[in-house]
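Engineer: The structure under discussion is supplied below as C-alpha cells; questions concerning it will follow.
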Amino acid sequence: MAHAGMTVDLLPPWDGKKIPKGQHCQLQGGKGATPPMQVAGIPAGTVMLVVQYNDKNYKPLSSKGGHGTIGYPVKGASAKLPAVPGMTAKLPGGVRVVAPARSTGEYASKGYLPPCSGGRGNTYEAVVQAVGADGKVLDRVKLKIGRY
C-alpha cells in the first residue's frame, strides 16, 4: 500500500513567512508560544508527534531541537497540535517537553524557547516527527515557521 506521507500546516496567526506579533521571547517583550499546527496523514502506529524547533541562522540552536523539542500525544491519522507556552516545562493536555532548548544564560528555557534573534531576520523551522511506541520515527516533515 502506498503511503502518501504526512502533511503539516501552520494555523493562524502563523503563516510561515513572518513570526507573528508577540510570538517572540520574553527577553524582547514577547510572550511566545509554539505555533499551532494541523497534521494529516499520520502513519498508523504513531503514538506521539515530536516537534523540534530550530533557528537556522544561529548555529548552536540550528538543529536537533535547539529551541526545544516538544511531544504531543496523538491517536488517529490527523491531529491539531495546540500552541503551548514557551519558557516552561508545565504544558497542558499531555503535551510534554522531550528536551528543553539548548539556550543558556538569560536565554535558558525549561522547554520551548520562542524566537529570540531580536528581529534580525533569522529563519525558524519546525521538524515534525511521527514516533511509534517503540521510539522509531515513522515519518518526518520539515517546515519553515517564519522569520524574526
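Nothing in this text is a laboratory measurement; each read-out follows from the coordinates by a stated rule. Bear in mind the structure is a predicted one, so any value in this text is a computation, not a measurement. All Cβ positions, glycine included, derive from the backbone under ideal geometry; neighbour counts span all protein chains shown.
Engineer: Please report, to one decimal in angstroms, the Kirkwood hydrodynamic radius of region 1-59 built from all distinct Cα-Cα pairs.
Structural biologist: 13.9
Engineer: Then there is this: Once phi is turned into θ = phi - 60°, what whole-Hz ³J(HN,Hα) does the Karplus curve with 6.51, -1.76 and 1.60 give for every residue of region 45-62, x standing for Gly and Pro?
Structural biologist: Ordered by residue, 3J(HN,Hα) equals x, 6, 10, 8, 9, 10, 10, 9, 10, 9, 10, 5, 9, 10, 3, x, 10, 8 Hz.
Engineer: While we're on this one: Largest first and in whole Å, what are the equivalent-ellipsoid semi-axes of region 66-115 based on the Cα gyration tensor, each being the root of 5 times an eigenvalue? Spell out each step's value before the answer.
Structural biologist: Numbers: eigenvalues 103, 17, 15 Å².
Value: 23, 9, 9 Å, ordered largest first.
Engineer: While we're looking at this one, here's another question. Answer with one residue from Ala44, Pro114, Tyr148: the one whose Cα lies farthest towards the positive end of the charge dipole of the chain, charges on Cβ with Lys, Arg +1 and Asp, Glu -1.
Structural biologist: It is Tyr148, whose Cα lies furthest towards the positive end.
Engineer: Please state the equivalent ellipsoid semi-axes for the chain: what are the square roots of 5 times the Cα gyration tensor eigenvalues, largest first, in whole Å?
Structural biologist: 25, 16, 13
Engineer: Could you compute the FRET efficiency for Thr88 and Ala44, with r as their C-beta to C-beta distance and R0 at 41 Å, rounded to 0.05? List each step's numbers first, then the result.
Structural biologist: Numbers: r = 33 Å, r/R0 = 0.79.
The calculated FRET efficiency here is 0.80.
Engineer: Give me the one-decimal nm value for the distance between modelled label points at Ser62 and Arg140, 7 Å along each residue's Cα-to-Cβ direction.
Structural biologist: The answer from the label model is 1.7 nm.
Engineer: ³J(HN,Hα) across region 124-138 via Karplus (A = 6.51, B = -1.76, C = 1.60, θ = phi - 60°), whole Hz, x for Gly/Pro?
Structural biologist: After applying 6.51 cos²θ - 1.76 cosθ + 1.60, I find 10, 9, 10, 10, 9, 10, 8, 10, x, 4, 8, x, 6, 7, 8 Hz.
Engineer: Further question: At each listed q (0.18, 0.24, 0.28 Å⁻¹), what is the log10 of I(q)/I(0) that the Debye formula gives for region 86-148 modelled as equal alpha-carbon point scatterers?
Structural biologist: Taking Cα atoms of region 86-148 as identical point scatterers yields -0.85, -1.17, -1.20.
Engineer: Moving on to the next point. Of the listed pairs Lys80/Lys110; Lys59/Lys110; Lys31/Lys110; Lys80/Lys136, which have alpha-carbon separations greater than 18 Å here?
Structural biologist: Too far apart for the 18 Å limit: Lys80/Lys110; Lys59/Lys110; Lys80/Lys136.
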